[in-house]
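The values are calculated or read from the model by the stated rules, or taken from the named source; none is laboratory data. Everything numeric here is computed off the predicted structure, so don't read it as measured data. Using ideal geometry, Cβ is built from the backbone for each residue, glycine included, and neighbour counts are taken over all protein chains shown. Ligands, DNA and RNA are stripped out before the accessible areas are found, and what is left, the full protein with its side chains, is counted by its heavy atoms. Shrake-Rupley method; radii C 1.70, N 1.55, O 1.52, S 1.80 Å.
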Amino acid sequence: VTLDSDGSQILDQAFYVEKKENGWCLKIFIVNVAAVVGLGSKNDLIALSRGFSKNNVDMFDRSVAVKSFSLLPGVLRRTIEISFNLDLNLNIIEFKIAKTLFKSSNQFDFSQVQNIIGDKSHSNHLWWLNCYELANSLRVIRFSGGIVSPLTDGTICSEQICKKVGKESPTDYG
């Protein structure tokens, strides 16, 4: 599913959460723009000119982004999938990065999710409660120096994550 602000049309990330008997499965899907925009193409050059702006400027025209990249429900898109299998203590058991095809099942906004969490009779109530539980637990770990603790400038270093999961560098994932 995607979760964005009300009215969002540029949906560039999605996720899947499954609570299991022995832990969690978390999958994050990010639009693989490089698979769609050719190197040196008109859209590539536009993105390059906008991508380093100090102003809040979209890298692509909205119409191009919605038509070509947005993870709209029912539309198959190329993505980068980052998958984690976590134990009950949220230790990483398995970690994978892969190029995938993804089709979102649904688009939610924050107010919809709040309403679903507050409505025990809603068919997605338990799923969203599980998402909230996992997100809150990961947030606590993050701010206590856990797996994705921010560096002093607030960024997260991919080398930190690689060390935690026993890889030398991000390039070890192919």
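For first residues located in the range 115-142 and farther than 17 Å from LYS20 by Cβ and among the acidic types (Asp, Glu), partners that are open to solvent by less than 70 Å² (accessible area, probe 1.4 Å) and in a helix (DSSP H, G or I) and lie 6+ apart or on another chain with Cβ distances below 8 Å form the pairs ASP119/HIS125. Note on the range 44-56: among residues that are free of Cβ contacts under 8 Å to residues at least 12 places away in the same chain and of a type outside the set (Gly, Ala, Ser), the one that is most open to solvent (accessible area, probe 1.4 Å) is LYS54.
If you go through the range 2-13 and keep only what is of a type in the set (A, V, I, L, M, F, W, C), open to solvent by less than 50 Å² (accessible area, probe 1.4 Å) and under 15 Å from PHE69 (Cα atoms), you end up with just LEU11. Screening the range 128-148 for residues that are open to solvent by less than 70 Å² (accessible area, probe 1.4 Å) and not in a helix (DSSP H, G or I) and picking the one that is modelled with the highest pLDDT gives GLY145. When you look at LEU151, is it touching a Cys at 6+ places or on another chain (Cβ under 7 Å) and either at pLDDT 95 or above or not in a strand (DSSP E or B) (or both), yes or no? Spelling it out, LEU151 is indeed touching a Cys at 6+ places or on another chain (Cβ under 7 Å) and either at pLDDT 95 or above or not in a strand (DSSP E or B) (or both). Of all the numbered requirements in (1) open to solvent by 40 Å² or more (accessible area, probe 1.4 Å); (2) modelled with pLDDT of 85 or more, SER83 misses one, and that requirement is (1). If you go through the range 75-114 and pick out every residue that is small (Gly, Ala, Ser) and within 16 Å of LEU3 (Cα to Cα), you end up with 3.
The set of residues from the range 28-43 being surrounded by fewer than 16 Cβ atoms within 10 Å (Cβ to Cβ), assigned to a helix (DSSP H, G or I) and not aliphatic (A, V, I, L, M) comprises just one member, LYS42. Of all residues in the range 10-29 being in contact with a Ser or Thr (Cβ under 6 Å, 6 or more places away or on another chain) and either over 30 Å from HIS125 (Cβ atoms) or of a type outside the set (D, E, K, R) (or both), which is modelled with the lowest pLDDT? Within the range 10-29, the match that is modelled with the lowest pLDDT is ILE10. Of all residues being in contact with a His (Cβ under 9 Å, 6 or more places away or on another chain) and not charged (D, E, K, R) in the range 86-127, which is most open to solvent (accessible area, probe 1.4 Å)? Just the residue, please. In this case the residue turns out to be ASN115. Going residue by residue through the range 14-27, is there one that turns out to be surrounded by 14 or more Cβ atoms within 10 Å (Cβ to Cβ) and part of a loop (DSSP other than H, G, I, E, B)? The answer is no; no qualifying residue exists. Checking PHE110, PHE69 one by one, the residue that is among the aromatic types (Phe, Trp, Tyr), within 19 Å of the chain's Cα centre (by Cα) and either at pLDDT 90 or above or closer than 29 Å to ILE141 by Cα (or both) is PHE110 and no other.
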